[in-house]
Every structure is written in C-alpha cells, then in structure tokens.
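The values are calculated or read from the model by the stated rules, or taken from the named source; none is laboratory data. Bear in mind the structure is a predicted one, so any value in this text is a computation, not a measurement. We place every Cβ from the backbone using ideal geometry, glycine too, and count neighbours over all the protein chains shown.
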Amino acid sequence: MVWPINPTERLRKKKSMLTALRAKPQGLGLRLAILGGSTTAELRDQMEISLREAGFDPQFWEGEYKQWFEDAVFGNPGLDAFKPDLIFIHTSQANVSAWPGAGDSSQAVDELFEREAGRFRQAWDALAARFNCPILQNNFDLPPYRLMGSRDAVDPRGKVHFVARLNALVAERAAQDPSFHLHDLNHLAAWYGLRHWHDRRLWHMAKVCCAQEAIPYLAHSVCALIGALYGKSKKLLVLDMDNTLWGGVIGDDGLDGIQIGQDNPEAEAFTEMQAYARELKSRGVLLAVASKNEDANARLGLSHPDSVLREDDFAAFRANWDPKPDNIRSMGHSLSLGTDSFVFLDDNPVERDLVRAQAPEVAVPEAGEDPTLYPGILDRSGWFESAGLSKDDLSRSGMYKDNAQRDKAQGAFADYGQFLDSLQMQAEIAPFVPLYLDRITQLANKSNQFNLTTRRYTQPEIEAVAADPACLPLYGRLKDRFGDNGLVSVVIGRQAQAQLHLELWLMSCRVLKRGMEDAMLDAVVARARERGITELVGTYLPTAKNGMVRDFYGAMGFERVSLDEAGKSVWRLPLAGFQARQRHILVLGDGQAL
C-alpha cells in the first residue's frame, strides 16, 4: 500500500486507478464480505484500490444499507453462496440502536447496554457459526455532539461514556477470540479530527458514516489490518542516521554537536523518533541502518549518552558510501529477508527517490525533513500493523543477532558438518498443540520464500487441521548454543488411503541449510509409517517469491511425476527403504519440549 495517500486524488481518479490495478498480474485471491451499517459503495471501491496495491486480488460481497444485523443473524443466500474468506462489519456510532436518556436510572442504562451488546454478540456468534473465517469489526467513533459537555464522558447516561463501554465490549471480544479482530475506527476518527469526520449533511443525504475525503483513509486503515492478517506487514525498518536519528551531521559536527536528548525542542524530536523505533523493535520489527557515512562515525553517534538506540538494537548496519539501494539488497541477502518487507526512512528526498527507482519493492514514505512527523507517518502508514503478538515476535531481533553469531562461527570450520555439530542443535517436532496455534497461523501466512505451496490458513482452519484425524500436522522448533530460534517449520499432510499428500511445507529462512528440513522429513516419514502410509506426495506451486524451493523435493529424494506449463510440479517418495537423513540435530522425543 502507498503512504501518504492523497484522498482527493483517490476519489477523483478512482476509475482510472482501478483500471490500471486490475490490469496488473493477479495477487492473492480474497473474498471479502462487507456488512454495512451505512452506505459502503465508495468504501468498497477505495478498499479495492488499497487491497490491490497490497498484492491482493479481491472479490466483494456487499450487504444492503443497514442490514448488517439481519444478514448476520438471519442469513442471506447471497452471502452464503459467496463463501467469504473474511467478513468486515462496518458499523459506527450511527448504528447504536438506542442511547441512554437524561432521566434513565443506572439500572435502566445497564439494561440498555446489555440489549445493545447482545445485538452485536448475537451477530458475531451467528457469523462465527456459519463461516469459518476471520471477522473484522469496527469499534465506535465518538458521537458528533455531547449533551453534557465534558461530563458526557463520566455520567453513565452520556453518549461518550456509552461509546466507551461499547468499545470495551469489542476489545474484550477481540482479546478472547483469535478469529475476531477490532478495527480501531475510534482512533482513526480522532486522528482525522471529529469536527471534520462527521459530515451531517452527507449522512442525511447518502447515509455515509464519515466525510467523503475521510473514506480513502478509512479504506487504507481497514486494508492495513487485512494485510497484517495475511502476513503482508513489513518486517524491517531501514533508517538513515544524520538528520533522521539525530540532528546534524556526525562527521562534521562531532559527537558533542549532534542534536539528541532533552536540551531543546529539536533534540527532543529526534529522541522521540528513536524511542518510537525502539518500541517497534520491542514488538518484533527489525531495525537496520543505511547511512552515507564512515562506519566509525556512524557508530560513534549511537554512543551518545542521550541516544535511545544503541548498536545492538540493529539487525543490520551499513554505513558507507555505496548507493543505498545496494546496501538494502545486501541487508536482504544477509538476513534472508525479501526487501519487499522493508520500509526505508530518510530525510533526504534524493535518497528516497533513488530507492524508489532502484528498489521499487521497498516501501518509502515521503517523510520530509521534520522529525516530529516521523513516528506518526510510520504509525498511520499501516506497514507495521499487527494482527497479534507471539513470543517469537517479541524475541525476533535477538534471533537475528544470534544468526550473525552463527555466521561468524561458521568461518572457523573448514567442514560444514563439523560447524553444524558445533551448534549443538536440539529440535522439538510434534503435532500441533494449542500453545502454538497463533504462531503456526502467523508463519503460514507470512512465509513466502521457503513455502512449497504458499497456501494461506486462518486460525480456525489451523484448528480444524489439528483436530482432523485425516491430517498429519507437525511443527518444528529449533534451538542451539547461540539461542532459541523459536517455531521455524510447519508441515501439513492429508492422508488419502496409503498416500500422504503434503498440503503445506514451510520453513523460516533464518534456519536454512541447518538440517531442519531433513529433520522434518524424517519426522513426517516416521509418523506416516505408523499410519500404514506407503508414499508421500508433494506439490510445488510456483509464485513470484518461492523459486528457491523449486527443486526442493528432488533434493530431498522425491521423484518428479508431473510438470505443467505453469511450473506446477508433483513429486512422490515411496517410504519403503527410506533412511533417516539428518545427522546433526538432537530431536527430542514425544512429550519433551525445548
């Protein structure tokens, strides 16, 4: 997706933008149902623009105006036939059916709230029962006016107070149900400005819940959350240093001359930017440096006593005079990450344009030169939107640092097998368990390079696989003497008589060529034999990103049985005579955990 967006241009050029985007190669298919509490035609079109920019090929089913409850609870043949991959309930404060009155007692207000909450719970439960897909639900924007002024937020009869209770209801559901996701309409409306958000004339004329020029922002916000659900959030923030992380030029001004700390407004702005970047890192976003600088000078800047960021906060560090697109590609190679998962922040417009031209897959916001705006730009861009935080997310930066130590250690060994033995690796390979379902779903939707079929799964689908006796689902965790790599591999097989069809095989590229793929195959074969299975069948479906595993099955001893013009290949592995492949990992037995 693009950020910043020009809402006026998006509304005016909507038809030409859609025509151009629809002519591009198709992306990930997505059947999206919109259940509307207000008119949604313009929102649907703007969502299509944002989704296509993000690499989706969306189809829409759109409910009638104000029929969201009826469609959810009583059913709709069109919605049922559509079989949505995702449902978006687009309600707002305009869809609160009854508000408290000034003369209501506390008990009456509570009863009113329970009736209102019951309507939404009934809709959510009905949709969850009929459709095995994620549900997105707006929380509530604040009303356009208050009857009691500031007391409206305190008194239970106030609309502001009532909205706060409803928003807590939506948040509680999202916290408890992994298939239910809150879209923060309330924050979006506040960011846009309530005075401009509520266009009462447009509401009365067309029943649109917000101002016309706010709709592209609303579409962008919803689609950022959808992108996060499907693994399209960015993974790494590449930062310039001079006049981006601190004020001034470290090579000219020296350590004492750069602006950072609390001495003046300029220094405080850069300190806030660094603190925001470090907070991103704390929730799993990787940080990197791409600076036109002498390496020693760049590192010197991070040693400033007031610097929030330190050298060890960065997963990659490139301070030199090479073109920044080259440095960005170098980072991608060393971290085994696609550069389409990178965001590049730089105060210099020449550097921004160069990266856009030579590395167009990298997201580059038009950041400008005002550091006070940088955190807000990154926040509203939606590039780092999160659909959930796993334990592996919180420790991701440390995992990549451990990888750097492994790469350094490898240089001390002439024999690669000896190097692998020196890692003292241990693996936990077992059937899916509830503890890891979030991470398994996340990995299934994020992994693109080492992914044989790139099939996507919702969490309910992963739960169904785990419970299906015809399926053989395995996860793999790996740790070594440098640290815990976390859950890094997933295989899903489905039994058909004496064959096991491998529907999904993926692995994190950060553990590539360490023998984990061999350990997973050994585990699959052992458990398949226990079921009386005599043959594995694997399929490779080519995508723009998974070319690295085109011949994976062949390298693992499978025989290719078909190859079509599109590059799809089917492979078979008879289990008779199969010998265990991996020699360097201690695989723990059932019931043992890392």
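Remarks
- Checked across the range 334-346, the condition of being touching a Lys or Arg at 6+ places or on another chain (Cβ under 7 Å) and loosely packed, with under 15 Cβ neighbours inside 10 Å holds for no residue.
- Total residues in the range 415-440 satisfying the condition of being within 20 Å of Asp522 (Cβ to Cβ), modelled with pLDDT under 95 and among the small types (Gly, Ala, Ser): the figure is 1.
- Qualifying positions in the range 176-195 - among the aliphatic types (A, V, I, L, M) and assigned to a strand (DSSP E or B): Leu182
- Per the conditions (1) closer than 21 Å to Cys209 by Cβ; (2) of a type in the set (Phe, Trp, Tyr); (3) surrounded by fewer than 17 Cβ atoms within 10 Å (Cβ to Cβ), the sole criterion not satisfied by Phe74 is (1).
- Some residue of the range 577-585 being surrounded by fewer than 13 Cβ atoms within 10 Å (Cβ to Cβ) and in contact with a helix residue (DSSP H, G or I) (Cβ under 8 Å, 6 or more places away or on another chain): yes
- Close Cβ contacts (under 6 Å, 6 or more residues apart or on different chains) running from residues in the range 11-39 that are assigned by TED's automatic domain parsing to the domain that holds Tyr65 to residues that are assigned to a strand (DSSP E or B) and polar (S, T, N, Q) comprise Arg31/Gln59.
A quick yes/no check of all residues on (1) among the basic types (Lys, Arg); (2) in a strand (DSSP E or B); (3) surrounded by fewer than 22 Cβ atoms within 10 Å (Cβ to Cβ):
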residue: Asp421; (1), (2), (3): no, no, yes
residue: Ala427; (1), (2), (3): no, yes, no
residue: Ile440; (1), (2), (3): no, no, no
residue: Asp484; (1), (2), (3): no, yes, yes
residue: Val488; (1), (2), (3): no, yes, no
residue: Ile492; (1), (2), (3): no, yes, no
residue: Glu503; (1), (2), (3): no, yes, yes
residue: Val524; (1), (2), (3): no, no, no
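- Cβ-Cβ under 7 Å pairs, at least 6 apart or on other chains, the range 518-537 side under 18 Å from Ser508 (Cα atoms), far side aromatic (Phe, Trp, Tyr): none
- The residues listed here are Ala190, Ala174, Ala129, Ala153; of these, the one that is out of contact with any helix residue (DSSP H, G or I) (no Cβ under 6 Å at 6 or more places or on another chain), free of Cβ contacts under 8 Å to residues at least 12 places away in the same chain and hydrophobic (A, V, I, L, M, F, W, C) is Ala129.
- Residue list for the range 371-380, filter: hydrophobic (A, V, I, L, M, F, W, C), surrounded by fewer than 21 Cβ atoms within 10 Å (Cβ to Cβ) and touching a residue at least 24 places away in the same chain (Cβ under 8 Å): Ile377
- Number of the condition not met by Gly368 [criteria: (1) surrounded by 20 or more Cβ atoms within 10 Å (Cβ to Cβ); (2) of a type outside the set (Asp, Glu); (3) on the phi > 0 side of the Ramachandran plot]: (1)
- Hey, Gly193 over 22 Å from Trp68 (Cα atoms), within 28 Å of the chain's Cα centre (by Cα) and either surrounded by fewer than 15 Cβ atoms within 10 Å (Cβ to Cβ) or assigned by TED's automatic domain parsing to the domain that holds Leu79 (or both) or not: yes
- Odd one out for Gly247 among (1) crowded, with 18+ Cβ neighbours inside 10 Å; (2) outside the structural domain of Val364 (by TED's automatic domain parsing); (3) not hydrophobic (A, V, I, L, M, F, W, C): (2)
- Residue-level check: of (1) surrounded by 23 or more Cβ atoms within 10 Å (Cβ to Cβ); (2) farther than 30 Å from Arg52 by Cβ, Gly227 misses just (2).
- Arg352 meets all of the listed conditions (1) surrounded by fewer than 20 Cβ atoms within 10 Å (Cβ to Cβ); (2) among the charged types (D, E, K, R); (3) in contact with a strand residue (DSSP E or B) (Cβ under 8 Å, 6 or more places away or on another chain) but one, namely (1).
- Search result, residues across the range 532-548 that are modelled with pLDDT of 95 or more and not in a loop (DSSP other than H, G, I, E, B): Glu535, Leu536, Val537, Gly538, Thr539, Tyr540
- The C-beta contact set for the range 310-326 (first residue crowded, with 20+ Cβ neighbours inside 10 Å, second residue in a helix (DSSP H, G or I) and β-branched (Val, Ile, Thr), distance under 6 angstrom, 6+ apart or interchain) comprises Lys324/Val355; Pro325/Val355.
- Every residue from the range 140-168 that is closer than 22 Å to Ser386 by Cβ and surrounded by fewer than 18 Cβ atoms within 10 Å (Cβ to Cβ): Ala168
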